[in-house]
Structures are given as structure tokens and as C-alpha cells.
Amino acid sequence: MSHTPGPVNFDDLVLRTSPWLSGDGPHADLVLSTRIRLARNLEQVPFTHRARDEQLQGVLASAGGAAQRSTSFAGGLMLAMNDLSAVERQVLVERHLVSHELGDGSRPRGILVAPDEKLSLMINEEDHLRLQSMAAGFQLADAWASADAADDELNQSLDFAFSEEMGYLTACPTNAGTGLRASVLIHLPALVLLDEIQKVLKGVMQVGLSVRGLYGEHSEVMGNLFQISNQTTLGRSERDSIESLERVTRQIMDAEERARDRMMRDARVQIEDKVWRAYGTLRYCRSVHAREVINLCSAIRLGVALGLPGLCPLRVVNELLVLTQPGHLQRYAAAELTPSERNVIRAQLVRERLSSAEHESGSTP
Amino acid sequence: MLCQVCGKNPATVHFTEIHDNKLTEINVCERCAEEKGLRATSHPHKFDIADLLAGMVDTMTSSDEERVGRVQCPRCGMLYSSFRETGRLGCAECYSAFQFQLRPLLRRIHGDTRHRGKVPARDGDGAVRSRQIQRLHDDLQRAVEREDFEKAAGIRDEIKRLEAETPAPRPEEAR
């Protein structure tokens with residue numbers, strides 16, 4: 001279905017930019033990406049943690065085969081986790097293609113990635129199947145539509161564990177029912193700067209949504225990036241859950257935009273100064289921690305969103321988020337690095353990226 | 001910055017936790033992070049569910065608790081006591097085997113125990129359609145509650161159309 005041929009192997013895959021980082025989706029200045037995840041299990045096999053390795057091999061074969069025959073995944077790339085090195089698995093985690101659990105590599109687990117990388121299927125994660133649909137910007141309806149269609153296709157040849165009463169049955173009862181986790185990764189620097197974020201997050205949690213950091217459950221909040229998702233999966237239809245996430249996200253976006261307007265009205269110079277100092281630090285640093293990159297990128301992202309001229313495109317800032325993570329960095333350096341070596345290589349990579357963005361745009365800020 | 005736990009090594013692992021609606025920063029070295037289990041790879045479900053269950057068994061006597069713990073899934077052999085420890089069920093059949101214990105837990109987690117979402121496409125057209133009608137009845141009721149009569153009328157027409165396609169059997173009335 002895709003117009004460009006998909007990646008043929010791991011190296012080819014990681015050379016490409018993840019589509020969710022493209023920075024060109026709707027409301028990309030506020031919402032980095034949208035994700036839909038569906039959890040499914042095969043009726044006849046014990047859940048992953050109770051299944052024997054041979055049974056999991058069987059799931060890999062049958063689910064992988066079913067997906068490769070579907071139009072949603074036609075021409076996709078299948079990777080077995082235990083064929084990959086620890087760094088390669090880490091790279092997939094950082095690209096949000098696999099979870100930490102799938103990334104441990106100790107059991108027969110795998111991932112199938114559609115040619116455009118927007119759809120992926122984790123096999124033998126906590127649940128046998130974790131179907132994931134990613135989109136750049138704020139596109140819940142589109143992301144849901146492709147996940148829903150792929151789910152129907154897989155279901156043509158796979159028997160999913162399902163009960164009329166409790167819906168799709170999952171290893172953990174927190175996912176039973178729809179098995180759906182819909183989430184948006186949203187950038188809220190103005191609400192953080194104006195100290196209004198606690199109030200907003202409290203409101204989000206009160207309506208039954210949950211807030212997490214960049215890398216999902218129990219991950220830290222960095223760079224003013226918040227992942228907001230539905231918490232419950234039973235008693236509400238997928239459509240209801242998605243609509244309520246959509247509604248709340250719009251309210252948060254409005255609050256952030258109002259905060260940005262206020263900030264620009266009352267403290268324009270200070271904001272511009274903060275943005276350009278962040279840019280200067282990243283453009284000329286010689287050693288930098290991943291967290292600092294993400295935090296400085298937050299300021300640059302804000303500057304781009306506010307329309308300050310001369311900054312790099314959003315895509316470049318988005319890519320830095322992922323490329324400066326330890327796995328990507330060690331692949332880039334083709335070596336295992338100590339944390340302090342990583343900081344030096346990371347600084348080099350950031351300078352290169354920003355410098356080439358300046359050359360592309362033909363202007364020096 | 002030095003590790004907040006050992007105070008010796010540089011802090012390279014940084015967490016910002018959201019707990020009780022408050023952001024808390026924790027900065028530790030990689031070794032202490034590993035030792036304290038401060039990793040994104042830790043299995044959060046386990047603790048969430050264990051906490052929930054702990055709150056619920058308070059109301060049980062210890063002999064009740066022991067009896068419930070011995071309930072076993074006939075298909076995979078999992079004991080309910082083992083689910084209580086791990087927070088994960090063994091197979092699809094466990095949902096039936098432990099249904100009496102699971103219902104209150106599901107209600108705690110989700111505020112509901114009844115699935116209202118999509119049904120497997122393979123369940124056949126009839127089942128899919130009857131589910132769809134059921135769902136529309138739910139929507140209709142909500143639209144009426146919101147006094148959105150225009151939407152309610154649209155939903156009613158949609159129900160009529162679907163019911164015309166399925167002559168028998170009628171789904172139960174949504175209440």
C-alpha cells in the first residue's frame with residue numbers, strides 16, 4: 001500500500017527518520033505525536049509470561065505470518081528480538097517501536113514494522129500482540145482507523161481471546177476490554193513556565209486520563225513533554241475513549257496557547273533570550289547530557305512554535321530527541337560508550353545536525 | 001550533581017515522578033538506580049494491582065483469603081494466589097476461573113465490568129450488528145440525557161436501519 005518500498009533490514013530501518021518525528025502533522029507545534037495501541041492475545045495459548053518458548057515460537061510464526069499476509073503490513077520488516085544486539089534493541093525502544101519489556105531479548109519475541117513505520121506489531125510482549133499505530137502531530141482519528149483496520153485483518157486468520165462480558169482478554173486486567181491505549185505526546189512549556197501545569201495535570205487525572213513521561217509508564221517527564229492517555233479499557237467503547245482524550249487534549253492545547261500568548265505579551269524579550277541561549281548552547285556545546293539536550297530542545301521547539309525567525313525546522317528538534325538517546329548514540333559511534341564519552345559524542349552529533357540544518361536553510365542565525 | 005542516594009558518584013539517571021499530582025525530582029547514579037529498581041523497565045502493573053488487591057483483602061478473614069488463594073484455573077493451572085503476587089493472569093480461561101474475584105477488581109480499576117467496545121470481526125456479521133445496535137441504544141440514551149434531540153433522532157434512525165437488516169433476534173433493550 002505504501003508508495004516507497006519499506007526497509008529491508010535493521011540498518012535500513014534506522015537510517016530512516018521515524019514518521020512520528022516528521023514535525024508536519026496537524027498541530028505539530030503542540031502535539032509531537034499520536035499513538036494508538038491495541039492489546040490482543042491468541043485464544044489457545046497461555047499469556048506470554050506463562051507460555052513455554054515453543055508456544056511463543058508458534059505465536060511468532062502464526063501472528064507474524066498473518067500480519068505479513070495482511071494489506072496493512074504487506075512488505076513490512078520482521079525482526080526477531082534475539083537476533084538483535086542489546087544496543088540494536090535499545091535503538092528500537094528509543095524509536096518507540098518496541099517497549100522495554102519486548103526489548104529484553106531473552107524470549108522468543110519479535111516485531112513487524114509496516115513499510116512506512118506507522119504501523120507496527122510487537123509479538124510476545126506482555127500480551128501476544130501489541131498492535132501500534134503512530135502518527136505525527138494530533139491525529140487520533142487517523143491513527144485509530146489504521147489500527148482498527150489492521151486489527152480486523154489480523155482477526156481474519158487469528159482467534160483472539162475474547163469474552164462477551166469482559167471484552168478482549170489481556171494478561172493484566174488493567175488492559176481488559178478494549179485493550180486500547182490511545183495517547184498523545186504534548187509539549188507544554190508555557191504552562192510549566194507559568195507554573196500552571198500542576199493544575200492542568202490534576203484536571204487531566206480527575207477525568208480518568210493518565211499522564212506519563214516521554215518513554216511511557218514510569219518514565220521521567222523531560223523537556224516539558226507529557227504523554228496523556230486513557231486509563232481505563234472496560235465499560236467504554238474505543239470511540240468514547242478516543243473522543244474523551246481528544247476533547248481533553250484540545251482543552252490543554254487551548255490552555256497552553258493562552259499561556260504562550262500571555263508569555264509573549266508580558267515577557268517577549270526574556271522568552272526570545274531563553275530560546276536563543278538554548279540554541280547557542282546546543283550549537284556550540286562540547287559535552288552534553290541527554291536530559292540537557294531534551295530540555296534545551298524544549299526551548300527551541302517553543303521558539304519555532306512561536307514563529308521566531310532563523311531557528312531550525314521542528315523535524316530537526318524532534319529527531320534530536322531520539323538520536324541523542326544512548327542506544328542511537330552508541331550505534332552512531334559504532335562503539336560502547338561510557339556516560340562521559342556519550343556526552344562528548346552527543347555534543348558532536350547535535351552540533352552537526354544543527355549546522356547542517358543551517359546550511360540547508362541557507363541562513364546563519 | 002552527585003547521586004542523591006550514595007552521594008559519591010555523579011547522578012546520571014534523572015527521574016521526575018508524578019505522584020499525588022506533584023512533580024518530584026530524583027537524581028541518582030546508574031548503580032543506585034539499578035539497586036533501587038529505579039528503572040523504566042520495572043513492572044509497574046505488578047505493584048499497582050498488588051496495592052489494589054491488598055486494599056481489598058483487608059475486608060476478608062485470613063481463612064477466606066487462603067481459600068480464595070487456592071482457586072485454580074482448570075486450563076493453565078494458575079492459582080489465584082499467584083495472580084495476587086504477580087498481577088498477571090495465566091490464560092484467557094483464568095478470566096472465567098477467577099470471575100468472582102476479578103469482577104470487584106475490574107470495577108475498582110475501570111469503574112465498570114462490562115465490555116462496550118469492538119467485537120472480533122470473526123464473530124460474524126450478525127453478532128457485530130447486534131453489538132452495534134446495543135451500542136447505539138447506549139448512545140441514544142446518553143443523547144437524550146444531554147437533551148441533544150437532534151443527535152438522538154439520528155441515532156434512532158440508524159437503529160431502525162440496522163434492525164431492518166437483522167430481522168431476528170432483537171437485542172435486549174438498553175436500560
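Numerical summary
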read-out	value
Residue match in the range B:134-141 (condition: closer than 17 Å to residue A:162 by Cβ, within 11 Å of chain A (Cβ to nearest Cβ) and modelled with pLDDT under 90)	yes
Count of residues meeting criterion [in contact with a helix residue (DSSP H, G or I) (Cβ under 6 Å, 6 or more places away or on another chain), among the small types (Gly, Ala, Ser) and assigned to a loop (DSSP other than H, G, I, E, B)] in the range A:169-214	0
Contacts under 6 angstrom Cβ, first residue in the range A:330-357 being free of Cβ contacts under 8 Å to residues at least 12 places away in the same chain, partner assigned to a helix (DSSP H, G or I), 6 or more apart	A:337/A:330
Residue within the range A:313-332 that is within 19 Å of residue A:15 (Cβ to Cβ), crowded, with 18+ Cβ neighbours inside 10 Å and among the acidic types (Asp, Glu) present	yes
Of the criteria (1) at pLDDT 95 or above; (2) over 23 Å from residue A:92 (Cα atoms), which one residue A:147 fails	(2)
Top-ranked residue of the range A:45-85 - restricted to ones that are among the β-branched types (Val, Ile, Thr) and assigned to a loop (DSSP other than H, G, I, E, B), ranked as farthest from residue A:128 (Cα to Cα)	A:71
Residues satisfying the stated conditions in the range B:60-78, i.e. touching a residue at least 12 places away in the same chain (Cβ under 8 Å) and away from chain A (no Cβ under 12 Å)	B:68, B:69, B:71, B:72, B:74
Residue within the range B:79-90 that is at the interface with chain A (Cβ under 7 Å from one of its Cβ atoms), part of a helix (DSSP H, G or I) and modelled with pLDDT of 90 or more present	no
Residue in the range B:99-119 that is assigned to a loop (DSSP other than H, G, I, E, B), farther than 25 Å from residue A:147 by Cα and more than 7 Å from every other protein chain (Cβ to nearest Cβ) present	no
Residue within the range A:155-163 that is within 9 Å of chain B (Cβ to nearest Cβ), buried (at least 23 other Cβ atoms within 10 Å of the Cβ) and free of Cβ contacts under 8 Å to residues at least 12 places away in the same chain present	no
Considering residues of the range A:336-357 that are among the small types (Gly, Ala, Ser) and closer than 15 Å to residue A:279 by Cα only, the residue surrounded by the fewest Cβ atoms within 10 Å (Cβ to Cβ)	A:356
Hits in the range A:196-230 - residues which are farther than 22 Å from residue A:302 by Cβ and modelled with pLDDT of 90 or more	A:209, A:229, A:230
Neighbours by Cβ (under 7 Å, 6+ apart or cross-chain): first from the range A:139-153, within 11 Å of chain B (Cβ to nearest Cβ) and within 13 Å of residue A:38 (Cα to Cα); second in a helix (DSSP H, G or I) and of a type outside the set (Gly, Ala, Ser)	A:144/A:238; A:144/A:242
Subset of the range A:262-318 [in contact (Cβ under 8 Å) with a residue 24 or more places away in the chain and among the acidic types (Asp, Glu)]	A:272
Residues being assigned to a loop (DSSP other than H, G, I, E, B) and of a type outside the set (Asp, Glu) - total across the range A:92-143	19
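Every residue, every condition in (1) basic (Lys, Arg); (2) more than 10 Å from every other protein chain (Cβ to nearest Cβ); (3) surrounded by 20 or more Cβ atoms within 10 Å (Cβ to Cβ), yes or no:
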| residue | (1), (2), (3) |
| --- | --- |
| A:168 | no, no, yes |
| A:172 | no, no, yes |
| A:176 | no, no, yes |
| A:182 | no, yes, yes |
| A:186 | no, yes, yes |
| A:190 | no, yes, yes |
| A:202 | yes, no, no |
| A:207 | no, yes, no |
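The values are calculated or read from the model by the stated rules, or taken from the named source; none is laboratory data. Just so you know, these numbers come straight off a predicted model, no measurement behind them. As a convention, Cβ positions derive from the backbone with ideal geometry for all residues, glycine included, and neighbour counts pool all protein chains shown.
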